[in-house]
Amino acid sequence: MLPLYFPENKLEYIPAAVTCLLFIFGAVFTWRMFIKVSKREQQQFEQMEQNLKEMDNAVSDTPASK
């Protein structure tokens, strides 16, 4: 097992804290991006589904199909 190292000079923690914060911000940004893209795709799917229903209704209303 590796020995634990706790520095006497607490300024050595700053680079680790900055790196940790950068990764946290990156993770939150990625998470928000996934949510935004997912909502956009859901809206596009609902619009496409509505268009297909309208086309189906238009086809079934033609005299040739009766």
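The values are calculated or read from the model by the stated rules, or taken from the named source; none is laboratory data. Just so it is clear, the model here is predicted, and its values are computed rather than measured. Cβ: placed from backbone, ideal geometry, glycine included. Neighbour counts: every protein chain shown. Remember, those area values only see protein heavy atoms, side chains included, never the ligands or the DNA or RNA. Shrake-Rupley method; radii C 1.70, N 1.55, O 1.52, S 1.80 Å.
Suppose all protein chains stay in the model; what accessible area per residue would a 1.4 Å probe give for the chain, in Å²? Working shown, then result.
On the way: 6720 Å² over 66 residues.
Heavy-atom accessible area per residue stands at 102 Å².
Treat each spin label as a single point 7 Å out from the Cα along the C-beta direction, and report the V37 to A58 distance in nm.
About 3.2 nm, to one decimal.
In the chain, carbon and sulfur make up what percent of the accessible area (probe 1.4 Å)?
For the chain, the apolar C and S fraction of the accessible surface comes to 67 percent.
Give the Rg/Rh ratio for the chain, taking Rg as the radius of gyration of the Cα atoms and Rh as the Kirkwood radius, to two decimals.
Checking Rg against Rh, the ratio lands at 1.59.
May I ask for the angle, rounded to the nearest 10°, between helix 13-60 and the longest principal axis of the chain, with both axes built from Cα atoms and the value confined to 0 to 90°?
Approximately 0 degrees, to the nearest 10.
Out of the chain, which chymotrypsin sites (Phe, Trp or Tyr not before Pro) are coil in DSSP terms and have no more than 11 other C-beta atoms within 10 Å?
Qualifying residues, ordered by number: Y5.
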